[in-house]
Amino acid sequence: KDVARNAAYGLAAVGAAALEGLIEQLDHPSEQTRGYAAYALGEIGLGGSPLAEAGVAGLGQLVNDPDPWVRRNTAEALGTLNLATASPAHTARVAAVAQTLADSDDQVRFTSGLALARIGPAAAAAVPALQTALQDENRYVRANAVDALNRIGTPEAQRILIDYLLGSRWCYSTTPESTF
C-alpha cells in the first residue's frame, strides 16, 4: 500500500511524461493501483495533452468502480483536471462527476459536489444533478451542492439555489428547545 501511494506521488511529480502509463493503470486489477493512478492524473492534469480524451474516458469508467475509495479518488481527480471547456474531454468529465452525485457512498457524493464547485461555471451541465443533490440525506453533500451551484452561477443555478434556500428553514437560533 505504501509503495503504491509513494509511486503515485512520484509519478505526479514526474508530470506529463507519466500520463500514458497512468492512464494504462486505470483498469489495473488492484484497486490501490486504480485509485492512485486516478489521484496522480488529477494532480498532473490533462489540459493541453493529446491524451486528455483517453484519460477522461478511463476516469469515466472508474466512476462505476466497485471500490468506493477508487470512486472518491476518481471524482476528485475529475474535478482538478485543467481542461479546455470547449473540449469533448471536459464535457465527458462533467457528465462523469454529475453521475457520481448519485453514488451509494456518502464520501463519493461529498467529493463530487466539491469537484463540481472546483470546476465552477464550466460545470453548468451538472446543474440538474446538483439540484437533486440538494435533497441528499447527508448535509455535507447538500452543502457542497449549494457551493457548486453558487460557483456555477448561471441564472438556472441561481434560481435553483435561491428556491432551495427560501424553502429551507435555517435559523441559527432555532433549536428543539426554542422554536421561536
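Here are the numbers:
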| quantity | calculated |
| --- | --- |
| Thr80 accessible area, 1.4 Å probe, all protein chains in place, Å² to nearest 10 | 60 |
| Helix 2-14 vs. the chain, principal-axis angle (Cα, 0 to 90°, nearest 10) | 80 |
| Answer label for Rg and Dmax of the Cα atoms in Å (calculated), chosen among (i) 17.0, 59; (ii) 17.6, 61; (iii) 15.5, 50 | (ii) |
| Heavy atoms of Asp103: accessible area, 1.4 Å probe, square angstrom to 10 | 20 |
| With Cα atoms, 0 to 90° folded angle of helix 139-152 axis to the chain main axis | 80 |
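The values are calculated or read from the model by the stated rules, or taken from the named source; none is laboratory data. Note that this is a predicted model, so its numbers are computed, not measured. Please note that ligands, DNA and RNA were not included when accessible areas were found on the heavy atoms of the full protein model with its side chains. Shrake-Rupley method; radii C 1.70, N 1.55, O 1.52, S 1.80 Å.
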